[in-house]
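Working notes for the structure below.
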Amino acid sequence: MIEFLGIQLKTPLVLASGILGNNADILSRVHGAGCGLVTMKSIGPAPRDGHNNPTVIDLGCGMINAVGLPTPGYDNMDAEWQALADRHFPLNASIYGGSTAEFAEVARFVSDQGPDCIEINISCPNSDLHGMLFGVDEKAAHAVTAAVKQVIDVPLIAKLTPAAPDIGRIAKACEDAGADAICAINTAGPGMVIDIETGRPVLAFQKGGLSGPMIKPIAIRCVYDIFKTVSIPIIGLGGITTGADAVEMFMAGASLVGMGSAVRYRGIQVFDMVHRELVDWLAAHNTTREAVMGAAHHPAGTPAGTITREPVSIEKDHTSQHRKNTP
Ligand SMILES: Cc1cc2nc3c(=O)[nH]c(=O)nc-3n(C[C@H](O)[C@H](O)[C@H](O)COP(=O)(O)O)c2cc1C
């Protein structure tokens, strides 16, 4: 078992938000397939349809999507919350809002539904700042993190966007405002794909976020930068598909590794597969996950496995009466 913010996880692997929705049976199957922490699709303040189809295109080297954050709204999910109340797996509830006040409103309600932690998706437009992303502005990131922290009684994870000019500073602002962990990255871009026969953008929304293997170097760089600025744990995701990718992400500084697009490429069994590949790699190199965490930050010539800063605190105690998972 791995302890993360006081939550017991069976593997260091996390399901990324938005990949498999919010159905308790499906999320339970992902946990059964080797996922340690299961993240819900982002939940918003009011019903929202999302964008028209096509919304997701597989480009081979990754995916482009403009799903548009469809949500029934936090208070239209009675059946989902009821089914999730009886779960036997650690649940990370992802939320978003159009303003700091909306984030706090959603967070307060969701916290009462008993997730093990809450992730704020601060990669969406911020109406407080006239359409900017919360996640590219230090003050906005600090304000929304602080507002949510005040109204929840479970650990808080801030999910960041690679669109930030200096993602390390945004992460630090979130940590200063009370975030217990950072999750990076959300999709990169936006990008565009044009059908050369019609001459039109393929996505109905025209532009979309990039994910999968093509964004892995961006995600690795982001986690590397964040590790330098914060002492809270980092969930590293973006393009992770294999155990070797996971090792690279740990070396950048991640404590846990998330996967989204990989589920499309390798099925939900990807969690068991990547875990096995990770365990095999660590055994073949006679080392441990803890030892490789942050290894890329060692001075040149320092053998991997010798950590030069305090191990990332993944054992913070966040005892919560809401916690449903059994260790
Ligand atoms: C179809 C799709 C839907 C997504 N929906 C959400 C979402 O609702 N909330 C969120 O925070 N991230 C969302 N993401 C971003 C992923 O959680 C993840 O950060 C991103 O895809 C990078 O990881 P990956 O390369 O492993 O897919 C979505 C990604 C995809 C591909």
Query raised in the report: Of the residues G36, G44, G68, which single one is closer than 20 Å to P115 by Cα, open to solvent by less than 40 Å² (accessible area, probe 1.4 Å) and either touching a Lys or Arg at 6+ places or on another chain (Cβ under 9 Å) or away from the ligand (no atom under 16 Å from the Cβ) (or both)?
Result: G36
**Report entry** Among (1) within 15 Å of the ligand (Cβ to nearest atom); (2) in contact with a strand residue (DSSP E or B) (Cβ under 6 Å, 6 or more places away or on another chain), the one test that D245 misses
**Finding:** (2)
Report summary line: Filtering region 119-143 down to residues that are assigned to a loop (DSSP other than H, G, I, E, B), within 13 Å of the ligand (Cβ to nearest atom) and open to solvent by 10 Å² or more (accessible area, probe 1.4 Å) yields S123
Query raised in the report: Taking region 152-185 only, how many residues are within 16 Å of the ligand (Cβ to nearest atom) and more than 22 Å from S111 (Cβ to Cβ)?
Result: 9
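When only residues in region 95-118 that are of a type in the set (S, T, N, Q) and over 20 Å from M132 (Cβ atoms) count, which is least open to solvent (accessible area, probe 1.4 Å)?
So the first thing to find is which residues in region 95-118 are of a type in the set (S, T, N, Q), and the list is 99-100, 111, 113.
Those still in the list that are over 20 Å from M132 (Cβ atoms) too: 111, 113.
Numbers: S111: 2, Q113: 53 Å².
For region 95-118, the residue satisfying everything is S111.
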Query - Only listed residue being without any contact (Cβ under 8 Å) to a residue 40 or more places away in the chain and away from the ligand (no atom under 12 Å from the Cβ), chosen from K228, K207, K149 - result: K149
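Looking for something open to solvent by 20 Å² or more (accessible area, probe 1.4 Å), assigned to a loop (DSSP other than H, G, I, E, B), modelled with pLDDT under 95 and on the phi > 0 side of the Ramachandran plot - is there at least one such residue anywhere in region 78-87? So that I can check it myself, show each step before the final result.
Keep residues of region 78-87 that are open to solvent by 20 Å² or more (accessible area, probe 1.4 Å), which gives 78-80, 82-83, 85-86.
Subsequent filtering for residues that are assigned to a loop (DSSP other than H, G, I, E, B) retains 86.
Checking which are modelled with pLDDT under 95 leaves us with 86.
Within this subset, residues satisfying the condition of being on the phi > 0 side of the Ramachandran plot are none.
Scanning region 78-87, I find no residue that is open to solvent by 20 Å² or more (accessible area, probe 1.4 Å), assigned to a loop (DSSP other than H, G, I, E, B), modelled with pLDDT under 95 and on the phi > 0 side of the Ramachandran plot, so the answer is no.
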Query raised in the report: Which members of region 88-103 meet the condition of being within 16 Å of the ligand (Cβ to nearest atom) and either in a helix (DSSP H, G or I) or not aromatic (F, W, Y) (or both)?
Result: L91, N92, A93, S94, I95, G97, G98, E102, F103
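If I go through region 253-283 residue by residue, how many of them are assigned to a helix (DSSP H, G or I) and buried (at least 24 other Cβ atoms within 10 Å of the Cβ)?
Residues that pass the stated criteria total 5.
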Report task. Kindly list, by first and then second residue, each pair from a residue in region 247-265 that is on the phi > 0 side of the Ramachandran plot to a residue that is in a helix (DSSP H, G or I) and surrounded by 24 or more Cβ atoms within 10 Å (Cβ to Cβ), limited to pairs with Cβ atoms under 8 Å and residues at least 6 apart or on different chains. Result -> G253/V223; G253/I226; G253/F227
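The values are calculated or read from the model by the stated rules, or taken from the named source; none is laboratory data. Treat the numbers as computed from the prediction; the structure is a model and nothing was measured. Cβ: placed from backbone, ideal geometry, glycine included. Neighbour counts: every protein chain shown. Ligands, DNA and RNA are stripped out before the accessible areas are found, and what is left, the full protein with its side chains, is counted by its heavy atoms. Shrake-Rupley method; radii C 1.70, N 1.55, O 1.52, S 1.80 Å.
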